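To start, the structure under review is shown below, and the notes come after it.
Where a number appears in this text, it was derived from the coordinates with a stated rule and is not lab data. Quick caveat: nothing in here was measured; it's all calculated off a predicted structure. Here the Cβ is made from the backbone with ideal geometry for all residues, glycine too, and neighbour counts use every protein chain on show.
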Amino acid sequence: MLPDNPAYPPFRAAMPWVGAHLQTLRSFLVGGTPRIGSARSERLAFTMEDGSGDRLSGVLEEPPSPLADAPLVVVIHGLTGCEDSFHVRDAARYFVSAGLRVLRLNLRGAGPTRADCTRSYHAGRSGDLDAVLAQLQATGVAQRFVLYGVSLGGNMMLKYLGERSRPHVAAAISVSAPIDLARTSERFIQPRNRLYHNWLLKSMKAEALATPGLSASEQAAVRTSRTTVEFDERHIAARNGFDGARDYYAKSSAKRYLKGISVPTLVIHALNDPWIPGGIYLDFDWAENPRLTPLLPLDGGHVGFHDGGSWHLRMAERFLEEKGVL
C-alpha cells in the first residue's frame, strides 16, 4: 500500500457517513441539487466531425470575478450521468467559488444531448473529448484546460491523456475511475453489489433505449441483457466495433495508458470503493510516472469522500495550487 502523502491531509469520514456504502450513497440519501451560484451560464454545442451529425453540449459557468489567465475546468460525468449529476454540479460549485470558469460537459448521448446523437459515449471514446477541446480553442472560449473526470468519465479522461502529449491541458484530476474495466465489471456483478447493479443496469438500459434510430434487434439486445457485462457485450461492444466486452475492456481501460500521461494528474480512489477494486490501483507502479500523484485513502466509497465537506475537491484545489495552475 502507498504511504499517506504528507502534502495532503488524510481523509476522515464525518459521522454518520461511516463505511463504504454510506459514503457512496450519502449524496443520493441526502438529495438536493448543489447550487453553483455563478453570475452567468451559457449553453455551448459541439458538432462531432465523424459523419454522424451528433452534437454534444455543455454549460459554461462564469464566476462573478474569474481568476485572470486561469484555465477552463472541464468536468466530465460518469456512467448514466450528465451536466446535472450531483457530482458534476458539486465540482462546478466548488471550482466556480474558487474563481474558475467551468464547463459541465455532456458526453455523447448523455442528458440533453440524447435526441441529438445516434451514437453514445463509452469508457474509451476519448476522441469526443479531443474534439470538444479543439472546438473550445477554435472559438476562443479557452486555450488551456484543467480536466476533472468522475468514475467512467475519469477513465476516459485518463485514456485521453495517455494516448499522446496534450500540451493544452495544464492539469487533470481523476476521481474513482474504473481504470481496469474487466476487473471492475467482475466486482460489480458480484452478489454484494446486487442493489447497485440492478439500479445501474436499469439506468443504462433506459439511456440506451432512448437512442434515436436504434434497430429492433438492438432494442431487444438491450432489453434482454441480464447483467452490465451482457449489456457491454451485446450493446456497447456490438455498436462500437469491439470484438465483445473483453475486447472493449482491454482497449478502453485507462490503466494501460497511465505510463504515457505527461500532464500533472491527481488520481483519487478509495480502497474500500464497493464498485471498483482497490487492487487495480495498488498493483500499478506509480513511481514509473512522476507526473501522477495517487491519493488512495482506505475509506471514501465511490465518489464519496464526505468529511463534513468534499475532501476530494479540496485536495483537487490543493493539487492545482501545488502545480502552479492557480
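Data table
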item	result
5 angstrom amide H check on Ala210, placed H, neighbours 5+ away	none
Largest to smallest principal axis extent of the C-alpha atoms in the range 181-252, angstrom	35, 26, 15
Contour excess over end-to-end distance, with Cα ends at Asn5 and Ser97 and 0.36 nm allotted per residue	30.5 nm
Candidates Pro191, Pro71, Pro277: whichever shows maximal mean-square fluctuation once the chain is modelled as a Gaussian network with Cα springs under 10 Å	Pro191
Candidates Arg40, Arg125, Arg104, ranked by Gaussian network fluctuation over the chain, Cα under 10 Å, top entry	Arg40
Number of Lys pairs (Cα under 16 Å; 8 or more positions apart or on different chains) in the chain	4
Leu295 long-range amide H proximity, modeled H, under 5 Å	Val267, Ile268, His269
Contour excess over end-to-end distance, with Cα ends at Ser52 and Glu322 and 0.36 nm allotted per residue	93.1 nm
(1) -0.42, -1.31; (2) -0.49, -1.28; (3) -0.25, -1.32, with the label sought being that of the calculated log10 I(q)/I(0) by the Debye sum over Cα atoms at q = 0.07, 0.15 Å⁻¹	(3)
Burial ordering of Cys117, Cys82, fewest other beta-carbon atoms within 10 Å first	Cys82, Cys117
Integer Hz, Karplus 6.51/-1.76/1.60 couplings in order for the range 295-308, x for Gly and Pro	10, 10, x, 5, 10, x, x, 9, 6, x, 6, 8, 10, x
Max mean-square fluctuation residue, GNM over the chain, Cα-Cα springs under 10 Å, options Val18, Val96, Val88	Val18
